[in-house]
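Notes follow once the structure below has been shown.
The values are calculated or read from the model by the stated rules, or taken from the named source; none is laboratory data. None of these values were measured; they are calculated from a predicted model. Cβ: placed from backbone, ideal geometry, glycine included. Neighbour counts: every protein chain shown. With ligands, DNA and RNA removed, areas are computed over all heavy atoms of the protein, side chains included. Shrake-Rupley method; radii C 1.70, N 1.55, O 1.52, S 1.80 Å.
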Amino acid sequence: MSFEPICFVTMVRGDHAMLEKWIAHHSKLVANRSALHVFLHGHDPALQKIAEGCSVVTLPFDPSGSSFEESRRQLFFGLAGALRGYYGHVITLDCDEFMTMDPGVGQTLAEYLSTHPFEGAALSPVGFDVVQRSSAEQDPVDFARPILGQRCFGFLDGTYSKPCIFRRQPRGGSQHSLAREKWEIDPKIFLFHFRFFDVEYSRQVNAARMALVADFDKQGSDHAIGTWGDREERFARALQSADVADCPDLSPELIEAFRASQLENYQTRGGRFMWRDCRRGPYRLPAQFEGVL
């Protein structure tokens with residue numbers, strides 16, 4: 001059977017500007033725009049228009065939030081198995097997560113994955129959580145221009161060094177770790193996370209998502225969303241840290257030290273992901289990433 005090399009999967013609700021950016025970037029990494037599988041969480045004609053040409057499915061939105069995170073996990077894990085019948089690798093990302101190769105490698109993501117086999121169900125990229133350093137980056141992000149270059153600072157983060165490049169369906173786990181699977185972080189593949197990358201934009205998104213979780217909580221929902229309720233506190237800490245720190249240049253040595261520390265923690269704790277010891281930095285991105293996305 002003939003395979004397409006890679007496809008991408010995401011789910012989105014309400015984030016129009018970010019989905020447009022996500023599609024524009026990842027459509028350059030696939031053979032055809034239809035290899036972008038976009039799941040709309042609730043009916044949204046504007047999102048449908050943005051995603052024209054992609055493989056689009058509209059899912060019903062449950063206002064109670066019942067089993068929100070578990071349903072999403074099952075969907076992504078199931079798709080990893082189902083779509084592998086048609087693609088060499090299935091890559092699952094949030095709408096504010098962007099994957100790219102280290103520009104110095106000289107290969108596309110599809111080419112690299114075809115020549116670098118890995119063990120286990122999924123491979124992890126190096127997660128880099130982009131943060132606005134207000135002392136050096138005063139202007140708001142212009143979505144019509146590449147974000148990297150307008151924003152050059154952030155944190156290495158195990159939360160986003162997550163197993164998301166699938167070669168088979170996993171046996172179990174969560175969005176950020178897999179049960180009974182080897183965890184392998186490839187230092188040449190990067191996932192850039194744009195949650196705290198722009199003060200005003202991020203505050204708008206934070207407010208909307210915190211309000212949604214608060215509404216779920218009022219209804220006694222078992223949504224299991226663990227990172228939306230305290231977004232403002234996390235945001236403030238990230239901004240302050242980026243502003244006062246020295247922000248040394250991100251180097252291969254720093255990436256390797258981070259990678260080794262995350263894998264050691266994972267192994268010594270019996271394959272459990274440790275949220276409290278997964279972040280390093282802040283660092284400044286090398287100039288070679290400017291304009292990549």
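Each Cα pair under 8 Å and six or more residues apart adds its separation to the average, and for region 1-79 the resulting relative contact order is 28 percent. Amide H contacts of Arg195: Val130, each under 5 Å away and 5 or more positions distant or on a separate chain (H built 1.01 Å from N in the peptide plane; Pro and chain starts excluded). Remark: region 237-248, residue by residue, has Karplus-estimated 3J(HN,Hα) of 5, 5, 5, 5, 4, 5, 6, 9, 7, 6, 6, x Hz, where x stands for each Gly or Pro and the curve is 6.51 cos²θ - 1.76 cosθ + 1.60 at θ = phi - 60°.
Over region 1-130, what percent of the accessible surface lies on carbon and sulfur atoms, probe 1.4 Å? Intermediate results must be reported in sequence, preceding the final value.
Working: 2820 of 5250 Å².
Here it works out to 54 percent.
Quick one: which residues, 5+ away or cross-chain, put their amide H under 5 Å from the amide H of Ile91? H built at 1.01 Å from N. Under 5 Å from the amide H of Ile91: Cys7, Phe8, Val9, Phe166.
For region 153-170, the Karplus equation 6.51 cos²θ - 1.76 cosθ + 1.60, evaluated at θ = phi - 60°, returns couplings of 10, x, 10, 5, 9, x, 4, 9, 8, 9, x, 9, 9, 9, 10, 7, 5, x Hz by residue, with Gly and Pro reported as x. Residue ranges 19-31, 125-137 sort as 125-137, 19-31 when ordered by packing (mean number of other C-beta atoms within 10 Å per residue, highest first). Per-residue packing, averaged as other Cβ atoms within 10 Å, sorts the ranges 284-291, 87-94, 198-205 into the order 87-94, 198-205, 284-291, beginning with the highest. For region 195-201, backbone phi angles converted through the Karplus equation (6.51, -1.76, 1.60; θ = phi - 60°) give residue-by-residue couplings of 9, 10, 7, 8, 4, 5, 4 Hz, Gly and Pro being listed as x. Taking amide H positions as modeled 1.01 Å from N, with prolines and chain starts lacking one, no residue 5 or more places away or on another chain lies under 5 Å from Lys188.
Give me the accessible area per residue for region 1-111, probe 1.4 Å, as a whole number in Å².
Details: 4720 Å² over 111 residues.
Counting only protein heavy atoms, the per-residue value for region 1-111 is 43 Å².
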